[in-house]
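Encoded as structure tokens, the structure appears first; notes follow it.
The values are calculated or read from the model by the stated rules, or taken from the named source; none is laboratory data. Computed from a prediction, not measured in an experiment: that's the story for all the values here. Methodologically, a virtual Cβ is constructed for each residue, glycine included, from the backbone with ideal geometry; neighbour enumeration extends over all protein chains shown. Keep in mind that these areas ignore ligands, DNA and RNA; they rest on the heavy atoms of the full protein, side chains included. Shrake-Rupley method; radii C 1.70, N 1.55, O 1.52, S 1.80 Å.
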Amino acid sequence: MIRRALLKAVAVPGYQVPFGSREMPLARGWGTGGIQVTAAIIGPADTLKVIDQGADDTTNAVSIRAFFAKVAEVATTTHTAEATIIQTRHRIPEAKLTEGQVLVYQVPIPEPLRFLEPRETETRKMHALEEYGLMHVKLYEDIARHGRIATTYAYPVKVEGRYVMDPSPTPKFDNPKMHMSEALQLFGAGREKRIYAVPPYTEVVSLDFEDQPFEIQHFEDPCALCGAEGVYLDEVILDDHGGHMFVCSDTDNCEDRRAHGHRGTLAGHALEAAE
Amino acid sequence: MYVAVKGGEAAILATHDLVAEARRGDAGVPEISVAQIREQQGLACARVMNEGSLYDADLAALALKQAQGDVIEAAFLMRAYRTTLPRFGSSEPVDTAQMAIRRRVSATYKDLPGGQVLGPTYDYTHRLFDFALMDEPRPASSPLGGEGWGEGRQNGEGLTETASLLSSDPAAPGHLLPHGEKESAPLDAHMPRVPDILGAEGLMEPEIAPEGDPRPFDLTREPVSFPADRDVRLQAMARGDEGFLLGLGYSVQRGFGGNHPFVGEIRVGEVSVEFIPEELGFAVDLGEITLTECQMVNQFAGSKDVPPQFTRGYGLAFGHSERKAMSMSLVDRALKAREFGEAAEYPAQQDEFVLYHSDNVEAAGFVEHLKLPHYVDFQGELELIRRIRREREARLAAEPETLPEAAE
């Protein structure tokens, strides 16, 4: 049933396919859509990686990885390059994904128009008629009010020139990675009972205006641990006087860089403290 | 200095240990048994069976024990288990007209065939603490604990059978009436449902099965689409949160909905569940379940095609669950707005609103997922707000101070 929904989703990129989402042993909103998609495609030969906020060691990622290690007896990894399936919440790994890899997104609200129009009957109609004016008005109003588009995550994209799609609450920083990705991208929304997909080598364009082009977040400082630039960073509070540092959100990428000898400004201290 | 947060796995194992400790509480107090919960917390078990969509009092009691009495968590355990069960078929429709009545009241008639049967109800108790219940357990039950109080009669016999208890032990400690008194009037075997009485006169909206009498929709297997048909709505409400439906039902009464309901009838009792195995071709009795059914009677002015008549709100729940069944029947009627050409202006009349938000397992999951880390998204917001503020300060600094326009 889920595989059939997945086939349909791949065949109609960006279209939300309703499916008979089952109860999972994890709570709704904690990745039940992603778990169902992963469970539907995983096989004994697969290697699974699970990340939450870019990190392999956040508690919910640990919990989901342990679940599949137990019930599917599959190999697990934290290394992006080794994984055949990567289940993610809120991030796309920094390392470029390659052909044969599948990225499974956990999606809370699959409908990009939901906060503009709460009724499902209406939003389905809007998608059917390709009626996305409301979304453009919203983005325009952002510019009128704030001088820029004030959407930083779950930034709407248009897939293959047809469906406007919610990329899940990944930061808009990750949107360009979806475009022409070599990997298959599957999206599961368990509570909302929707599956959608972006097949490999598909156009994914972030919505914008000619005079207000889409842009991603830029961080002024590199990662304090590995010195990486051009990656998404988490802010870590160091004290209660506003002291803070920025570190990689993608923990695997950060560890890999440090293993290869890259050092950020605070890496030495962190290593000392860890000993 | 900062060290990347590690050890999610150890933390999870530790929290499982802590939960087990918290669940057990003071080891000096005897552990509660599943049977005690099933027998003495029957109304909680009924709620867990309803919201967990599974009729099994033992599992409901286990779920409550495992969840430390958290009803939604217990319902979640039931749901997660239920979805793994094989389905060997569908039962025949249960016939509530043939219910072995334990309680049956109508607010629309003073008396009616079969009479009013008060049965076990808290309705006329004074809500004063019975401090005798604080004492150590005694062999005799409290004055409130008469027979048939808990959920699910064990012997499954008809109520008239209990009259035979008259000849047994006359002393029943803890009972308010002399032993046997409350069983002295055997109940009528025939208890017609009140809406059926109205229906015979043509005053009640008839309930006609859709053409071909198709199998009801199964929302646990298929995604719901809108507008949702009545089978879907009733199914969603049957597993919906009692508190949510209570609030919506209340909103209908208070004017956020145009209905003026009467309790046509509430009945509580046992019905047998029958199943026709394909290889046998005749019905086999699988046992009986306790149900609460509520039928609300509502006014309807009629339309150009339909003469004025009463309309129905229907509620059905596992176990003795009157509040749930009543709330459900109020909302069921409100959700018929579209069928009757009424304006659906209020939340209780809108199927998307009611169906999407009544499932407490889904709602709790999504509300509580806010506990999960969101720092990636929050970082995006932080960056944006800092940038907008920086730009604003730069703009203010650049602009020469001007007096407000006179046109202000």
Across region A:85-104, what is the number of residues that are in a strand (DSSP E or B) and within 13 Å of another protein chain (Cβ to nearest Cβ)?
2
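Residues checked against (1) within 14 Å of another protein chain (Cβ to nearest Cβ); (2) farther than 21 Å from residue B:345 by Cα; (3) touching an Asp or Glu at 6+ places or on another chain (Cβ under 8 Å):
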residue	(1), (2), (3)
B:209	no, yes, no
B:233	no, no, yes
B:242	no, yes, yes
B:266	no, yes, yes
B:269	no, yes, no
B:281	no, yes, no
Reported set for region A:264-275 where residues are more than 27 Å from the chain's Cα centre (by Cα) and either surrounded by fewer than 17 Cβ atoms within 10 Å (Cβ to Cβ) or at pLDDT 50 or above (or both) is A:265, A:266, A:267, A:268, A:269, A:271, A:272, A:273, A:274, A:275
Please specify each residue of region A:38-84 satisfying the condition of being hydrophobic (A, V, I, L, M, F, W, C), in a loop (DSSP other than H, G, I, E, B) and under 17 Å from residue A:185 (Cα atoms).
A:42, A:83
Here's a check for you: in region B:345-355, which residue that is surrounded by fewer than 19 Cβ atoms within 10 Å (Cβ to Cβ) and within 12 Å of chain A (Cβ to nearest Cβ) is farthest from residue B:237 (Cα to Cα)?
B:347
Among the candidates B:297, B:268, B:252, which residue alone is β-branched (Val, Ile, Thr), in contact with a His (Cβ under 9 Å, 6 or more places away or on another chain) and open to solvent by less than 20 Å² (accessible area, probe 1.4 Å)?
B:268
Checking the condition within 25 Å of residue A:172 (Cβ to Cβ) and either assigned to a helix (DSSP H, G or I) or at the interface with chain B (Cβ under 10 Å from one of its Cβ atoms) (or both), which residue from A:14, A:34 passes?
A:34
Among the candidates B:383, B:368, single out the residue that is within 7 Å of another protein chain (Cβ to nearest Cβ), within 24 Å of residue A:118 (Cα to Cα) and either without any contact (Cβ under 8 Å) to a residue 60 or more places away in the chain or in contact with an Asp or Glu (Cβ under 6 Å, 6 or more places away or on another chain) (or both).
B:368
Can you pull out the residues in region B:193-218 that are without any contact (Cβ under 8 Å) to a residue 12 or more places away in the chain, within 24 Å of residue B:268 (Cβ to Cβ) and open to solvent by less than 80 Å² (accessible area, probe 1.4 Å)?
B:199
Looking across region A:50-66 at residues that are more than 12 Å from the chain's Cα centre (by Cα) and charged (D, E, K, R), the single one that is nearest to the other protein chains (Cβ to nearest Cβ) is A:57
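One line per residue, one yes/no per condition, for (1) in contact with a helix residue (DSSP H, G or I) (Cβ under 8 Å, 6 or more places away or on another chain); (2) hydrophobic (A, V, I, L, M, F, W, C); (3) assigned by TED's automatic domain parsing to the domain that holds residue B:242; (4) surrounded by fewer than 17 Cβ atoms within 10 Å (Cβ to Cβ):
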{"position": "B:281", "(1), (2), (3), (4)": "no, no, yes, yes"}
{"position": "B:291", "(1), (2), (3), (4)": "yes, yes, yes, no"}
{"position": "B:306", "(1), (2), (3), (4)": "no, yes, yes, yes"}
{"position": "B:315", "(1), (2), (3), (4)": "yes, no, yes, no"}
{"position": "B:320", "(1), (2), (3), (4)": "yes, no, yes, no"}
Residues within region A:61-96 that are under 21 Å from residue A:28 (Cα atoms), in contact with a Lys or Arg (Cβ under 9 Å, 6 or more places away or on another chain) and open to solvent by 10 Å² or more (accessible area, probe 1.4 Å), tallied
1
Subset of region B:199-249, residues under 30 Å from residue B:307 (Cβ atoms), more than 15 Å from the chain's Cα centre (by Cα) and aliphatic (A, V, I, L, M), comes to B:200, B:203, B:204, B:208, B:209, B:228, B:232
Test for residue A:127: is it closer than 19 Å to residue A:195 by Cα, touching a residue at least 24 places away in the same chain (Cβ under 8 Å) and within 11 Å of chain B (Cβ to nearest Cβ)
no
How many residues are among the small types (Gly, Ala, Ser) and either outside any loop (DSSP other than H, G, I, E, B) or in contact with a Leu (Cβ under 9 Å, 6 or more places away or on another chain) (or both) when one looks only at region A:150-165?
1
Considering only region A:217-249, state which residues are more than 10 Å from chain B (Cβ to nearest Cβ) and touching a helix residue (DSSP H, G or I) at 6+ places or on another chain (Cβ under 8 Å).
A:223, A:226, A:227, A:228, A:231
Residue that is nearest to the other protein chains (Cβ to nearest Cβ), among those in region B:61-84 that are open to solvent by less than 60 Å² (accessible area, probe 1.4 Å) and without any contact (Cβ under 8 Å) to a residue 24 or more places away in the chain
B:80
Examine region B:232-247 for a residue that is at pLDDT below 95 and out of contact with any Ser or Thr (no Cβ under 7 Å at 6 or more places or on another chain), and state whether such a residue exists.
no
